[in-house]
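Asker: Sharing a structure with you now.
The values are calculated or read from the model by the stated rules, or taken from the named source; none is laboratory data. All figures in this text were calculated on a predicted structure; none of them were measured in a lab. Neighbour counts run over all protein chains shown; Cβ positions are idealised from the backbone, glycine included. Just the protein is used for accessible areas: all its heavy atoms, side chains included, with ligands, DNA and RNA removed. Shrake-Rupley method; radii C 1.70, N 1.55, O 1.52, S 1.80 Å.
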Amino acid sequence: MAPLVVMLALVCGAGDAGAKAAPSKMKIGPGALTIAAPPGFCVDTKASHNLETGAFVLFGSCAALGQSSLASKPKKAAILTAYVTPGAPEGDVFAASFPSMAKFLASDPGRKALSRAGKAKTVTIQRIVSAKDVLYILATDSARLEGQDVEPDYWRALFALDGQIVTLSVLGLTKQPLSSDEKRSLLEKFVSKVRSENR
């Protein structure tokens, strides 16, 4: 499994209504896979990147990223991330590997890969469940990222799409916390949006 990257962006605030709007989606990879998030979320182009070895897309509030009070905002403030790497098997084959993936994620190397600090000891796996061909992980990461104040608990989803391994995450803000159910619900909408963009 490729290292799991977590980057954060500002999601609240308003500015000049004439500022350039942030894009709502990003095309990545050789197959032009499209990554998009639920309404109110836009791509942070400065924090996102698209490389041959993998792509990372960060989503924040469209209003904050576009510095416009007229741009849309999500109903609930959150930080959404997508990490995409090539080389995924077919969906059924990928789903069949969920038990071994769950075992890996619960191990020291797996928790190290999930850790924002790259240290297994900062991560606790609370729950790993599968829903059809998507693996959902509820984890707690005690590590902090400088300048960013996020809740330690977050939900992550893993699935295969068009030969790519897609990892989506939903993180809440400490000052605007989300319940676990709210994060999971938003993550499911995120998964659905990405799939609908690539049908």
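Asker: Based on this model, can you work out whether P89 counts as in a loop (DSSP other than H, G, I, E, B), under 19 Å from the mean Cα position of the chain (by Cα) and either farther than 29 Å from E151 by Cβ or not hydrophobic (A, V, I, L, M, F, W, C) (or both)? It would help to see each step written out before you state the result.
Answerer: Working: in a loop (DSSP other than H, G, I, E, B): yes; under 19 Å from the mean Cα position of the chain (by Cα): no; either farther than 29 Å from E151 by Cβ or not hydrophobic (A, V, I, L, M, F, W, C) (or both): yes.
No; evaluated as a whole, the condition is false for this residue.
Asker: Among the residues of region 132-145, what is the count of those that are loosely packed, with under 15 Cβ neighbours inside 10 Å, outside any loop (DSSP other than H, G, I, E, B) and either touching a residue at least 24 places away in the same chain (Cβ under 8 Å) or touching a Lys or Arg at 6+ places or on another chain (Cβ under 8 Å) (or both)?
Answerer: Total satisfying the criteria: 1.
Asker: What are the residues in region 176-199 that are free of Cβ contacts under 8 Å to residues at least 12 places away in the same chain, under 12 Å from L161 (Cβ atoms) and part of a loop (DSSP other than H, G, I, E, B), if any?
Answerer: Of everything in region 176-199, just one residue is free of Cβ contacts under 8 Å to residues at least 12 places away in the same chain, under 12 Å from L161 (Cβ atoms) and part of a loop (DSSP other than H, G, I, E, B), namely R199.
Asker: Okay, next question. What is the residue count in region 36-90 for residues that are more than 21 Å from S192 (Cβ to Cβ) and among the hydrophobic types (A, V, I, L, M, F, W, C)?
Answerer: Residues in region 36-90 being more than 21 Å from S192 (Cβ to Cβ) and among the hydrophobic types (A, V, I, L, M, F, W, C): 7 in total.
Asker: Something else: I need a count of the residues in region 42-88 that are surrounded by fewer than 19 Cβ atoms within 10 Å (Cβ to Cβ), touching a strand residue (DSSP E or B) at 6+ places or on another chain (Cβ under 7 Å) and among the acidic types (D, E).
Answerer: Number satisfying all stated conditions: 0.
Asker: Among the numbered criteria (1) closer than 26 Å to L33 by Cα; (2) surrounded by fewer than 14 Cβ atoms within 10 Å (Cβ to Cβ); (3) of a type outside the set (K, R); (4) at pLDDT below 95, which single criterion is violated by S196?
Answerer: (4)
Asker: If you don't mind, there's one more thing I want to ask. Exactly one condition in (1) open to solvent by 30 Å² or more (accessible area, probe 1.4 Å); (2) in a strand (DSSP E or B) is false for I35; which is it?
Answerer: All conditions pass for I35, except number (1).
Asker: So K76 fits all but one of (1) over 19 Å from P38 (Cα atoms); (2) part of a loop (DSSP other than H, G, I, E, B); what number is the exception?
Answerer: That leaves (1) as the condition not met.
Asker: In addition: Condition (residue is hydroxyl-bearing (S, T, Y) and either open to solvent by 50 Å² or more (accessible area, probe 1.4 Å) or in a loop (DSSP other than H, G, I, E, B) (or both)) applied to region 146-159: is it met by at least one residue?
Answerer: Let us first name the residues in region 146-159 that are hydroxyl-bearing (S, T, Y), namely 154.
Those still in the list that are either open to solvent by 50 Å² or more (accessible area, probe 1.4 Å) or in a loop (DSSP other than H, G, I, E, B) (or both) too: none.
The answer is no; no qualifying residue exists.
Asker: Given the residues T167, T122, which is the only one that is over 22 Å from S100 (Cβ atoms), open to solvent by less than 50 Å² (accessible area, probe 1.4 Å), at pLDDT 95 or above and among the hydroxyl-bearing types (S, T, Y)? First the steps, then the outcome.
Answerer: On the way: T167 fails: over 22 Å from S100 (Cβ atoms).
It is T122.
Asker: Among the residues of region 48-75, what is the count of those that are of a type in the set (A, V, I, L, M) and closer than 16 Å to L173 by Cβ? Spell out how you get there, then give the answer.
Answerer: The first filter runs over region 48-75 and keeps only residues of a type in the set (A, V, I, L, M), leaving 51, 55, 57-58, 63-65, 70-71.
Subset that is closer than 16 Å to L173 by Cβ: 58, 63-65.
Number satisfying all stated conditions: 4.
Asker: Now, a different point. Can you pull out the residues in region 20-32 that are part of a strand (DSSP E or B) and either open to solvent by 10 Å² or more (accessible area, probe 1.4 Å) or charged (D, E, K, R) (or both)? Can you show your working first?
Answerer: Within region 20-32, the subset part of a strand (DSSP E or B) is 25-28.
Across region 20-32, the qualifying residues are K25, M26, K27.
Asker: Then there is this: Just give me the residues in region 60-73 being of a type in the set (G, A, S) and not in a loop (DSSP other than H, G, I, E, B), in sequence order. Steps first, please.
Answerer: Here is the first cut: in region 60-73, the residues of a type in the set (G, A, S) are 60-61, 63-64, 66, 68-69, 71-72.
G60, S61, A63, A64, listed by residue number.
Asker: Under 6 Å between Cβ atoms, at least 6 apart or on separate chains: pull out the pairs that start in region 44-73 with a residue that is without any contact (Cβ under 8 Å) to a residue 60 or more places away in the chain and end on any residue that is open to solvent by 20 Å² or more (accessible area, probe 1.4 Å) and among the aromatic types (F, W, Y).
Answerer: The qualifying pairs are F56/Y83.
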